[in-house]
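Take a look at the structure below.
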Amino acid sequence: QVQLVESGGGLVQAGGSLSLSCAVASGRIFSSWTWGWFRQAPGKEREFVAAIRWTGNGRYYADSVKGRFTISRDTAKNTLDLQMNSLKPEDTAVYYCNVGPRYGARDALGDYWGQGAQVTVSS
């Protein structure tokens with residue numbers, strides 16, 4: 001069983017920036033796995049945001065965040081980070097970290113999810 005812990009997020013005005021971080025609290029991650037971010041706004045389906053291979057390459061993004069969000073892996077801290085710039089009110093959602101073997105997927109990368117971090121962008 002893999003436990004993921006997210007941190008960061010918060011409240012920002014439109015055009016501002018926030019960051020999220022995801023750490024592996026327990027469990028084994030395989031080097032072939034992928035980890036990434038999904039988000040769910042109130043009353044909407046969960047949607048893919050960005051993903052990256054555990055090894056730190058092979059990034060891919062949702063069209064809605066491309067050019068504004070950057071996913072990366074901090075090898076020193078062993079965390080997954082998401083830098084969010086030029087935030088829009090429509091980016092408001094709970095953001096979830098996800099990890100698993102399904103590189104390229106946009107519905108879920110695997111079975112392991114974090115608890116979620118709130119991102120709120122005011123207009």
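For the range 38-123, which GluC sites (Glu not before Pro) are both in a DSSP coil and crowded by at most 14 other Cβ atoms within 10 Å? Before the final figure, lay out the partial values.
Working: sites: GLU45, GLU47, GLU90; in loops: GLU45.
Of the GluC sites (Glu not before Pro), the ones in loops of the range 38-123 whose Cβ has at most 14 other Cβ atoms within 10 Å are GLU45.
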Using a 1.4 Å probe on heavy atoms of the protein chains only, the accessible area for ASP107 in Å², nearest 10, reads 90 Å²
1/(1 + (r/R0)^6) with r = Cβ-Cβ of SER72 and ILE29, R0 = 22 Å, i.e. FRET efficiency to nearest 0.05, evaluates to 0.85
Any aspartates and glutamates whose Cα falls less than 19 Å from that of LYS44, other than same-chain ones fewer than 8 residues away, would be ASP63, GLU90, ASP91, ASP107
Restricting to Cα pairs under 8 Å and 6 or more apart, the percent relative contact order of the chain works out to 34 percent
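Give me the 1.4 Å probe accessible area per residue for the range 32-91, excluding ligands and nucleic acids, in Å². Don't jump to the answer; show the numbers that get you there.
Details: 3000 Å² over 60 residues.
For the range 32-91, the per-residue accessible area is 50 Å².
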Note: THR55 to GLN3 extended length (0.36 nm per residue) minus current alpha-carbon separation gives 16.9 nm
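Report in % the part of the accessible area of the chain that belongs to carbon and sulfur, leaving out ligands and nucleic acids; probe 1.4 Å. Show your work: numbers first, answer last.
Numbers: 2800 of 6180 Å².
Exposed carbon and sulfur together represent 45 percent of the surface.
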For LYS77, the lysines lying under 28 Å Cα to Cα, once residues fewer than eight places off in the same chain are dropped, come out as LYS66
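The values are calculated or read from the model by the stated rules, or taken from the named source; none is laboratory data. In this text, all values refer to a predicted model and were calculated from it rather than measured experimentally. Neighbour counts run over all protein chains shown; Cβ positions are idealised from the backbone, glycine included. The protein model used for the area step is the full one, side chains on, heavy atoms only, and it has no ligands, DNA or RNA in it. Shrake-Rupley method; radii C 1.70, N 1.55, O 1.52, S 1.80 Å.
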